[in-house]
Every structure is written in C-alpha cells, then in structure tokens.
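Colleague: Input: one structure, supplied below.
The values are calculated or read from the model by the stated rules, or taken from the named source; none is laboratory data. These numbers were taken from a predicted model, which means no experiment stands behind them. Neighbour counts run over all protein chains shown; Cβ positions are idealised from the backbone, glycine included. These area figures cover heavy atoms from the full protein model, side chains too; ligands, DNA and RNA do not enter into them. Shrake-Rupley method; radii C 1.70, N 1.55, O 1.52, S 1.80 Å.
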Amino acid sequence: MISPDTFVFDNSYAAELEGFYVPWQGERAPAPRIVHLNRDLAVELLLDPDVLASEGGAAIFAGSKAPEGASPLVQAYAGHQFGSFSAQLGDGRALLIGELIDCHGVRRDLQLKGSGRTPFSRSGDGKAVLGAVLREYLIGEAMHALGVPTTRALAVVTTGDQIMRQGLEPGAVLTRVAASHLRVGTFQFFAAREEPAKVRQLADYAIRRHFPELADKEDRYLTMFRMVRDRQAETVAQWMSVGFVHGVMNTDNMTISGETLDYGPCAFIDSYDPEATFSSIDHQGRYRYENQPAIAQWNLARFVETLLPLIDPADSARAIEVATDEVKEFQTIYQKLWLERMRAKLGFDHREGEDLDLVNDLLRVMDRQDIDFTVFFRRLADGARGDLGAVRALFNDPTAFNVWLKSWLARLDHEDGSALSRADAMDRVNPVYIPRNHKVQEALDAATNSDLEPFRRLMTVLAQPFDRLKGSDEYEDRAPDGFGPYRTFCGT
Ligand code: AMP
Ligand code: MG
C-alpha cells in the first residue's frame, strides 16, 4: 500500500521559484498498470520497490493521483529549436511531482512524462505512447551503465488509453528522475521576457542546487557558466566516444546539470560515419554525429547570453567580451576531454604529443568504410592480445589500416604494463553492447504487442555493457542488411 510516508518530498522548485511554473494535475488514466519498475533506482531514491509495485503505485505513476506531499507543477521554458527561437515551450506533456533526496544526499526531480495536457501543450495531446516511453527508459539505462551523465527512469506505466500516432498505440507515462530539469531554455524564457531579476533568481537557485560551493563567490555567475560548459563538454565527449547521436540538441533539451536529457530521436551509430543523422526532421543534418560538440558550444553561447546582465551589470561590453572568451574555451576543453576518452579507447594511459594525430588518422581510415564503431574497439583490444586478424577482417581493403596498426602497436609499447593488461583496460572502456537500433526496435515492437521478454533481455545485456554475456551474441551484431537506414521521430 502507498502510505502517506512513502515519498518524502522536499520541493525546492515549488517553494523557491514561484512564478516559474504553474501548479497542475495529471489527467485521470482509465486503467493505469505498471509495466516496468526500476528497482535499483527506487532503492537509490530511498523508496521501497515492493511498496511502489503495490496497489496505488500505478495511479501515482500515471499522474492520476498525486502522492502525499507532492506539489505537482509544470515548468515554463523557452528554447531554440533547430536554431529558431520559441519564446514559449514549457512542459507540454510533463509534470514535476516533486523532489526527493537520494541515498547519496543528492536532490533528484521526479517527473512524469505523458500525463496529459497542460497550459504549455499548444497543439499537442500531452500524451506519450508505450514504444517511445520504453525507448527513453532503455536508452537512459544504457547510457547510465556506460557511465554517461543522464536522466534515468523509475517507472513505466500504461494508462489504458489508446493514443493516435502512426496508428493507435497504447498510452504510457514515464517517471523520469533527473538531477534537475533546469535547462538552457529555462533561462531563455525569462531573458526573452526581459526579466533580469527572474534570471538572477533562477541562477541563484541553480547555484544552490548544482554548484553550492559558488554561493558566496563574487564572480559566481560567470563561474557557474564555466562549470556548466565543462560538464557539457564532458557529456558530449562521452557521447562521441560511444557513438551516441542525441538527435534533437535544442536549447530546451540541454540541462544545466550536464545530464543527457530527452531521448526522443536519438540513436547509436553502427558504422563510423561523421554525418550520421537519424531524426526524420533533421533534413540539414544540424544534429549529426560530428556536429554535436559545435552545437553544444552554440547552445552554451545562448546560455551565457541570458547571464550577461549578471556577469557585469555596469558594463555590458565587458560582459560580452569575457563571455565570448569563455564560450570560445569550450573547444579546447572539449578537445582535451575527447582526446582523453579516445586515448583510453586505444589503450593509452600516458599522454603523448602524437596521440591526437594517431586518433585522427584512425578516424580517417574508418570513415565511411562500413566499420562498426563498437565492434572495432573490442577487436582492436584482441589485436593487443595478439590476434590482429579479427580487426583487420573488418576492412575490405586493410592497406591503410595496416599502416595505422603498425603505429598503434609501436605507441602501445610506450605504455607501462603488458600488452595484455592494456587490452584489459581497453575492454573496460569499450562496450560490447550498445542499444543497437534493430534490437531496440524489436524490443519496442514486441512490447507494444504485450510481449516484454525482448525488452527485458535487452535491458539485461545493456546493464553490463562491458562484460560479454553467454548466449548473447545477437546483441553484439550490427543490424542485418535488410534493416535499412534507421529513422527516428520526435514527440512520439
Ligand atoms: P521535445 O521535442 O520532446 O523536447 O518537446 C519540445 C516541446 O514540445 C516541449 O515543450 C514539449 O513539452 C512539447 N511536446 C512534445 N510532445 C508533446 C505532446 N505530445 N503534447 C504536448 N506537448 C508536447
Ligand atoms: Mg524536450
């Protein structure tokens, strides 16, 4: 039974940011039912999974019933979508039910996604469908297991509704857990309305919540910007190192916390292709794989613009100058973090001056050669163990690769420890399993037809992506030829 003390909420957003949200309720779902509960995450949130799974839990996760102590609300935000500014977006189908302090003492938002129309819904129905909700669950968990900063999901429920998308699909609600839902777009909302006092209030809140060590610092707003920039650089470096394409890096989907947010049209690359774009509406490839660092920087520029009056209230020219320099720095910081990741993927612990060239040479050799980005690095580790045949066999014509391989083996010799220990280190950072597009699709299609077994099996391998699991070969392979190019959709 869900008792009044099941959730111990501590709702800072509701208490400290009046005027930044609208108090709201979810829509009543006709027949809420829990499809999947994230038991490990429940425990981390100091919630009892058995209690959550009991009677009453489904209605809470569907948004039909607010738990005791909740102050459900919808957040206002704006955002640049594909480069064009919308002054009013906001939670069109999401509902913040409250904040919990987790077992590490960290404040986490509990937000429902798909719980019905809100004052920010515009022409949308406020709903979500089971396939899309399970997709967000799955990719979030996969990213978490890969070590990428990410929001996660606590529960998936079906509502009992049928929702019109490509056809009729089961309605569902995701319970999303995030360090916060503060976005670049939240700041843009108040900056665009020329309400600098509100931007300051929001910035002070963000500092208290995410960067409390800055609270008394005189240059705290600029320093906060730097910290957000550095976190985003790290997150995007990690995306690139695992071949993740977010697909809709609008400023309303970029967090202040650095967590990856909104798994709509995202996908992982199979063959290495800098231009990989999956979203059906990204015709120009704005959010293509190789463009993600540049877009993160662009978004950060939009963020710092909102902070200019706080950075130097008396001298806007100076504020612009220092902000511009800090935004420019992103490239150097990102490049360093990315190179660290790539070094580790190649088995290097030490830094050497030639490493960047070695990495870039490899990417040139792999470019559009139909080389699977994930399989490649595991086979390369096998190369360090003495089996060079398997990695060579990935190339139709290994001539250029053989030249590179020689340099890599020579470079690996500069490392301490044996080649075997370097190979083991590579296996700890290069996953065996990523959410392969065809496997994700297969799991979601089955779930939509009431068969959750493929979803559960996929979740099992993705939960430990670096360890090869017996009998799970099918999850390592890329899509069969017949699968064709993968297309993803927004707002599903
Ligand atoms: P997204 O592309 O999911 O980041 O959403 C962009 C904006 O559209 C946000 O304001 C969402 O709340 C809103 N939105 C997306 N899908 C829906 C929907 N089905 N109903 C209402 N609003 C939606
Ligand atoms: Mg969004």
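Colleague: With θ set to phi - 60°, apply the Karplus curve 6.51 cos²θ - 1.76 cosθ + 1.60 along the stretch 265-281 and write out the HN-Hα couplings as whole Hz, x wherever there is a Gly or Pro.
Modeller: x, 6, 6, 9, 6, 9, 6, 5, 8, x, 8, 3, 9, 10, 5, 5, 9
Colleague: Let me ask you something else. For Arg122, put the label point 7 Å out on the Cα→Cβ axis and report which residues of the stretch 169-195 keep their amide N under 17 Å from it.
Modeller: Within reach of a label on Arg122, which here means backbone N under 17 Å from a point 7 Å along Cα→Cβ, the stretch 169-195 contributes 184-190, 192-193.
Colleague: How far apart, in nm, are two points set 7 Å out from the Cα along the Cα-to-Cβ line at Gln464 and at Ala400?
Modeller: Distance between label points: 3.9 nm.
Colleague: Next up: Taking every pair of alpha-carbon atoms in the chain, what share in percent sits in each 10 Å bin, from 0 to the bin with the longest distance?
Modeller: For the chain, the pair-distance distribution reads 4, 19, 28, 26, 16, 6, 0.
Colleague: Also, quick follow-up: What residue among Leu130, His144, Ile101 has its Cα farthest toward the positive end of the dipole of the stretch 12-181, where the charges are +1 on Lys, Arg and -1 on Asp, Glu, each on the Cβ?
Modeller: Checked the options; the winner is Leu130.
Colleague: Quick check on packing: order 395-405, 433-443 by the mean number of other C-beta atoms within 10 Å, highest mean leading.
Modeller: In descending order of packing, they fall as 433-443, 395-405.
Colleague: Set Lys and Arg Cβ to +1 and Asp and Glu Cβ to -1, take the dipole of the stretch 400-463 about its Cα centre, and tell me which of Leu444, Met459, Ser421 lies farthest positive.
Modeller: Value: Ser421.
Colleague: When you count, for each residue, the other Cβ atoms within 10 Å and take the mean per peptide, how do 249-256, 145-152 rank with the highest first?
Modeller: 249-256, 145-152
Colleague: Then there is this: Compute the distance in nm between two label points, each set 7 Å from the Cα along the Cα-to-Cβ direction, one at Leu409 and one at Ala390.
Modeller: Result: 1.7 nm between the two label points.
Colleague: Another question about this same structure. Within 10 Å, count the other beta carbons around each residue, average over each peptide in 43-51, 66-74, 479-487, and list them highest first.
Modeller: 66-74, 43-51, 479-487
Colleague: Still on this structure, please answer the following. Over the stretch 128-202, give the accessible area per residue in Å² for a 1.4 Å probe, as an integer.
Modeller: Value for the stretch 128-202: 27 Å² per residue.
Colleague: Going through the stretch 338-380, which chymotrypsin sites (Phe, Trp or Tyr not before Pro) have at most 15 other Cβ atoms within 10 Å and a DSSP loop state?
Modeller: Qualifying residues, ordered by number: none.
Colleague: Taking the Cα-to-Cβ direction at Ser316 and at Val22 and moving 7 Å from each Cα, how far apart do the two end points lie in nm?
Modeller: 3.1 nm
Colleague: Right, something else. In square nanometres and to one decimal, what's the mean projected area of the convex hull around the Cα atoms of the stretch 337-396?
Modeller: Computed as one quarter of the Cα hull surface, the answer is 4.3 nm².
Colleague: Continuing with the same structure: Sort the stretch 66-118 into rounded, prolate or oblate with this rule: let a ≥ b ≥ c be the square roots of the eigenvalues of the Cα gyration tensor; rounded if a/c is under 1.5, and if a/c is not under 1.5, prolate when a/b is larger than b/c, oblate otherwise.
Modeller: oblate
Colleague: While we're on this one: What's the magnitude of the charge dipole for the chain around its Cα centre, counting Lys and Arg as +1 and Asp and Glu as -1 at the beta-carbon? Answer in Debye, nearest 20.
Modeller: 740 debye
Colleague: Over 27 Å between Cα atoms, which of Lys345/Lys439; Lys65/Lys127; Lys406/Lys470 qualify?
Modeller: In this structure, Lys406/Lys470 exceed 27 Å between Cα atoms.
Colleague: Rounded to the nearest 20 debye, what is the charge dipole size of the stretch 144-196 about its Cα centre when +1 sits on each Lys and Arg Cβ and -1 on each Asp and Glu Cβ?
Modeller: 160 debye
Colleague: Here is a further query. How compact is the stretch 12-181 by the rule of thumb for globular proteins, expressed as Cα Rg over 2.2 N^0.38 Å?
Modeller: 1.00
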